[in-house]
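To start, the structure itself, in structure tokens.
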Amino acid sequence: MGPIAWNTVIVVTACCMLGAGCAARKEVVDRDRALVETLAADGAKLETLNGDLADGAQALRDGELDEAKAALDRHLAKHPGSALGAYHLGLWALESAKPSVAQGYFQRASDLDGQFHAALCHLGVLYLRQGEDVAALRVLEQALLIAPDDVRVLANVGAARARRGLWSEALQAYQAANKIAPAHGSLLYDTALVWMARSQWQPALDLLEQAISVRPFFAPAHAAKVVCLQGVGQIDEAEVAAKQAIEELPQPNHELLIAYARLLVHKRQIADAMKQLRRAIEVAPEDAGAQLALGELSDAAGDRAAATEMYQKFLKNPLRLAADSRRIRDRLKQLQSGKQE
């Protein structure tokens, strides 16, 4: 069998994970401490929290969204130039799952006070979530100029630079953030991903070990560790790490199963690799990388029906990588017409 083209992507996220218990295992909560966020670059230049603004901010902290909105609206009606008022309404919109509304408020806050780096940071994150990487990087770099030592700004600048393929610059931002928050699992993991993107497996592995020591049930870090161990040639250690993590994690994780399958392909244990990929798809049915890998393994094994089914699912998946679509579409036509390679 020839080499398999793997298009599995280890997912970058700045969000904390919540691991829910399953079966007889007790519930496990796995998450980082929240990164410290400074509300304003220079409090002396912004109004003190009082009156409706104070009431709105307190209601937000208490989760009373209707009361918060009413108080903040009253404040902004009286003080239309209040950057903090607009900012808190942005926070309210985020809590209310209204990202487009939040974006407008954060933009307004940053327009009212060009030094309001927290508003710029939120705005940049929203751009990142929308895939507007150029706009995100521009806004976040602006925030970094204002607050070069703010860990949240540094972390998101790192993410934006990585999205643009600026690996050295991304590492610089992440490493600065790690110095401020050295025990933050997600930051360690995100930094490791940059090293992995450059095929620098050992530095990534060192960071992932730290991340796992902080967050023992952080499944993506375990998955990345398996990939790194394979990258440095420690195949047996990688298999042990994969099996141990699969056994100990409170719930199945598709990234870990995919990493294990990738290792099994390397060992030419194709049937076992396909089993792990099927498990991964059961856990995450929309994982395009797993669909593609299982389709190609089935194809290489001569199972035309299974390959056809998986290729069709892959091509219908909006999360698929465009670079693979034409190749798989052409191969699917061959399979459906009965032609051989």
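Values quoted throughout were computed directly from the atomic coordinates according to the rules given, and no laboratory measurement underlies them. None of the values given here were measured: they were computed from a predicted structure. Every residue, glycine among them, receives a Cβ derived from its backbone with ideal geometry; neighbour counts consider all protein chains shown.
Could you sort the peptides 216-222, 139-145 by per-residue average Cβ neighbour count (10 Å cutoff), highest mean leading? Provide the component values of the computation, followed by the final result.
Values: 216-222: 23.6, 139-145: 21.4.
Highest to lowest by the protection proxy: 216-222, 139-145.
For Asp30, which sequence-distant residues (separation of 5 or more, or a different chain) have an amide H within less than 5 Å of its own amide H, given hydrogens modelled in the peptide plane?
Correct list: Gly19.
When only Cα pairs under 8 Å and 6 or more residues apart are kept, what is the percent relative contact order across the stretch 36-180?
Values: 204 pairs, mean separation 27.0, N = 145.
Answer for the stretch 36-180 is 19 percent.
Each residue of the stretch 177-190 in order: what ³J(HN,Hα) in whole Hz does its phi give by Karplus 6.51 cos²θ - 1.76 cosθ + 1.60, θ = phi - 60°, with x for Gly and Pro?
5, 5, 5, 7, 10, x, 10, 9, x, 5, 5, 4, 5, 4
Say R0 is 45 Å: what FRET efficiency, to the nearest 0.05, do Asp111 and Ala183 get from their beta-carbon distance?
It comes to 0.80.
Compute the distance in nm between two label points, each set 7 Å from the Cα along the Cα-to-Cβ direction, one at Ala271 and one at Arg31.
The two pseudo-label positions are separated by 4.4 nm.
Measure nothing but the geometry: give the 0 to 90° angle between the long axis through the Cα atoms of 65-78 and the longest principal axis through the Cα atoms of the chain, rounded to 10°.
40 degrees
Determine ³J(HN,Hα), in whole Hz, for all residues of the stretch 262-271 in sequence, where each value follows from phi through the Karplus function 6.51 cos²θ - 1.76 cosθ + 1.60 and θ = phi - 60°; x replaces Gly and Pro.
Computed from phi, the couplings for the stretch 262-271 are 4, 5, 5, 4, 4, 8, 6, 9, 5, 4 Hz.
Once the Cα atoms of helix 288-300 and of the chain are each reduced to a long axis, what angle between those two axes, in degrees from 0 to 90 to the nearest 10, is obtained?
The two axes meet at around 10 degrees.
To one decimal place, what Kirkwood hydrodynamic radius in Å is obtained for the stretch 105-259 from all pairs of distinct Cα atoms? Provide the component values of the computation, followed by the final result.
On the way: mean 1/r = 0.0611 Å⁻¹.
Final number for the Kirkwood radius of the stretch 105-259 is 16.4 Å.
Calculate the spin-label point distance for Lys78 paired with Ala305, positioning each point 7 Å from the Cα along the beta-carbon direction, and give it in nanometres.
Calculated label separation equals 7.3 nm.
Please list the equivalent ellipsoid semi-axes of the stretch 36-180, computed as the square roots of five times the alpha-carbon gyration tensor eigenvalues, in descending order and whole angstrom.
28, 15, 13
Arrange Arg304, Arg108 by Cβ neighbour counts within 10 Å, fewest through most, would you? Numbers along the way, then the final one.
Details: Arg304 15, Arg108 19.
Exposure proxy ranking, most exposed first: Arg304, Arg108.
What list of ³J(HN,Hα) values in whole Hz, one per residue of the stretch 212-227 in order, does the Karplus curve 6.51 cos²θ - 1.76 cosθ + 1.60 (θ = phi - 60°) give from phi, with Gly and Pro shown as x?
Going residue by residue, I get 5, 5, 7, 10, x, 10, 7, 4, x, 5, 5, 4, 5, 4, 4, 4 Hz, with x marking Gly and Pro.
Calculate how large, on average over all directions, the projected area of the Cα convex hull of the stretch 185-283 is; give the answer in nm² to one decimal. Show your work: numbers first, answer last.
Details: hull surface 22.5 nm².
With every direction weighted equally, the projected area is 5.6 nm².
Give me the number: length gained by fully extending Val134 to Val240, i.e. 0.36 nm times residue separation minus the C-alpha to C-alpha distance, one decimal in nm.
Working: separation 106, 0.36 × 106 = 38.16 nm, distance 4.10 nm.
Length gained between Val134 and Val240: 34.1 nm.
Looking at [x] 1.40; [y] 0.96; [z] 1.15, which value of Cα Rg over 2.2 N^0.38 Å comes from a calculation on the structure shown?
After the calculation, the listed value that fits is [z].
Between 0 and 90 degrees, rounded to the nearest ten: what's the tilt of helix 83-95 against the longest Cα principal axis of the chain?
40 degrees
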